[in-house]
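J.: Okay, handing you the structure first.
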Amino acid sequence: MKVELTVNGERVRLDVEPRRTLADALREDCGLTGTHLGCEHGVCGACTVLVDDEPARACLMFAVQADGASVTTVEGLESPDGQLDPLQEAFVAHHGLQCGFCTPGMLISALHLLRTHRDPSRETIRAEMSGNICRCTGYAGIVDAIQAAAAHPCSRESGLSAH
Ligand code: FES
Ligand code: FES
């Protein structure tokens, strides 16, 4: 089936089997392997992307369901000149990752959180991020990073600099 969508601001045309997941289409057809696959059952959150600005489990969605949509993956956080987004820098500075497997999904969920909550408390961050599982960090560094990013000037103006 023909599918046309916008991925990180670029128009993409795909020809996919009806049962191809959005995660597989992004990873294998678009070469965007930053979207990780953990459980492939909608549990771990590693595959989280934004579809029309709402978080979605790319392992549970068919690519054809994203036809006409705008998709943001973790690759879309970085600026064209390779500059990390303030949220990514905060994860580095506050030890919000160890092995990094959960990190793309964490960053996308955190991006949505910061766009929808101006000054989130630690409790709000924990609640909003509860759909993303990390087996390494113990979560404290992730919460620290998101709080630090929330205080960044770019997050006040535009919900960070994702494009
Ligand atoms: Fe999609 Fe785990 S891989 S939720
Ligand atoms: Fe390893 Fe989160 S950093 S799973």
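J.: Need one number: nm distance between label points at LEU60 and GLU17, each 7 Å from Cα along Cα→Cβ, rounded to one decimal.
T.: Calculated label separation equals 2.2 nm.
J.: Could you state the accessible area per residue of the stretch 1-147 in Å², with a 1.4 Å probe and every protein chain left in place?
T.: Value for the stretch 1-147: 50 Å² per residue.
J.: Would you kindly give the portion of the calculated P(r) for the stretch 60-148 that falls above 18 Å, as a percent of all Cα pairs?
T.: 45 percent
J.: Hey, any idea what % of the stretch 19-91's accessible area is carbon plus sulfur with a 1.4 Å probe?
T.: On the stretch 19-91, the fraction of accessible area on carbon and sulfur atoms equals 45 percent.
J.: Hey, could you get me the Stokes-Einstein D for the chain, Kirkwood radius over alpha-carbon pairs, 4 °C and 1.567 mPa s, rounded to whole µm² s⁻¹?
T.: Once the numbers are plugged in, D ends up at 82 µm²/s.
J.: Could you please state how large a percent of the accessible area of the stretch 102-144 is carbon and sulfur, counting protein chains only and using a 1.4 Å probe?
T.: Here it works out to 48 percent.
J.: By its C-alpha gyration tensor, with a ≥ b ≥ c as the square roots of the eigenvalues, how is the stretch 1-95 shaped: rounded for a/c under 1.5, else prolate for a/b larger than b/c, else oblate?
T.: Working: a/c = 2.27, a/b = 1.46, b/c = 1.55.
Since a/c reaches 1.5 but b/c is at least a/b, the shape of the stretch 1-95 is classed as oblate.
The values are calculated or read from the model by the stated rules, or taken from the named source; none is laboratory data. Only a predicted model underlies this, so the values are computations on that prediction, with no experimental measurement involved. All Cβ positions, even for glycine, are placed from backbone atoms using ideal geometry, and neighbour counts span all protein chains on display. Keep in mind that these areas ignore ligands, DNA and RNA; they rest on the heavy atoms of the full protein, side chains included. Shrake-Rupley method; radii C 1.70, N 1.55, O 1.52, S 1.80 Å.
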